[in-house]
Amino acid sequence: MNTIRNTILVLTAATAIIAPALAQISGKSNSAQNADSSAAIAAAAMSEGEIKKIDKEAGKVTIKHGELKNLGMPPMTMVFRVKEPAMLEQVHPGEKVRFVADKVAGALTVMQIQKGD
Ligand SMILES: [Cu+2]
């Protein structure tokens, strides 16, 4: 009888450990509050811009951007590479966007992009 009880205890403990891990893997936050604050931090770190031109073959996008604080760059219109070609499917010329740019192997690259307000 003790063996059965021990087995149940072990299974219960395993579920308690595995369930939160699975929730993390699936990307579902167990706290809406956490999701809100991380979204706010992400929004603050993003720069504003407007898509001027997209070159899917070259994997490049021309953005008229505001100040890029992380790169110490003033507002201008310039060409960026994109981290993932799929990013160029998410936006279109004329659209306002929020994005994160960084230097990757010496090339200014859009790391993250989303439609602006
Ligand atoms: Cu620039």
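Assorted remarks:
- Among the residues of the range 58-117, the ones that are in contact with a Lys or Arg (Cβ under 9 Å, 6 or more places away or on another chain), among the aliphatic types (A, V, I, L, M) and outside any strand (DSSP E or B) come to 4 in all.
- Verdict on LYS56 being in contact with a strand residue (DSSP E or B) (Cβ under 9 Å, 6 or more places away or on another chain), at pLDDT 65 or above and not hydroxyl-bearing (Ser, Thr, Tyr): no
- Here SER37 clears all of (1) among the polar types (S, T, N, Q); (2) surrounded by 12 or more Cβ atoms within 10 Å (Cβ to Cβ); (3) modelled with pLDDT under 95 except the condition numbered (2).
- A single member of LYS115, LYS83 is of a type in the set (D, E, K, R) and at pLDDT 95 or above, and it is LYS83.
- Answer residue from the range 45-97, given it is small (Gly, Ala, Ser) and either over 14 Å from GLY116 (Cβ atoms) or within 15 Å of the ligand (Cβ to nearest atom) (or both) and is surrounded by the most Cβ atoms within 10 Å (Cβ to Cβ) among those: GLY49
The values are calculated or read from the model by the stated rules, or taken from the named source; none is laboratory data. This is a predicted model, so every value here is computed, not measured. FYI the Cβ positions are ideal-geometry reconstructions off the backbone, even for glycines, and counts take in every protein chain you see.
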